[in-house]
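Read the structure below first, then the notes.
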Amino acid sequence: MSTVTQVRAPRTGGARTTPGNGRRRAARREAAFGYAMASLSLIAVFVFTAGPIVASFVLALFKWDVISSPEFVGRISPLSRDTRRSCRRRAARSVSRWRSRP
């Protein structure tokens, strides 16, 4: 006498196994890898371009000679009012001379 035993397929944790499921999973992994690579390049762009720009704006608000501690001075115009007037006059004179050329 021979007996027949039933062999069951191993359980997959409740996930349905269809032929397209593996392809979708691979596509999802590939997309995640692509997003990771793109985010790394964006971080590098930010660190090496936007970072120094922001740092220069912040450092412009301080008086600092590297030896002593930085002193916050806020926004100070590098030109006084008299200097700006004389600069405007010289610029206007230069423009008028340039326009009067033949």
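Laboratory data are not the source of any read-out in this text; all were calculated from the coordinates shown. Treat the numbers as computed from the prediction; the structure is a model and nothing was measured. Heads up, the Cβs are rebuilt from the backbone with ideal geometry, glycines too, and the neighbour counts pull from every protein chain shown.
For this structure, a couple of remarks:
- Hz values of 3J(HN,Hα) by residue in segment 35-43 - Karplus curve (6.51, -1.76, 1.60), Gly and Pro given as x: 4, 5, 5, 5, 5, 4, 5, 5, 5
- At R0 = 35 Å, FRET efficiency that the Cβ-Cβ distance of CYS87 and PHE57 yields, to 0.05: 0.90
- Where labels lie 7 Å past Cα in the beta-carbon direction, separation of PHE72 and TRP98 in nm: 4.1
- Gyration tensor verdict on segment 21-99 (Cα atoms; rounded if a/c is under 1.5, prolate if a/b is larger than b/c, oblate otherwise): oblate
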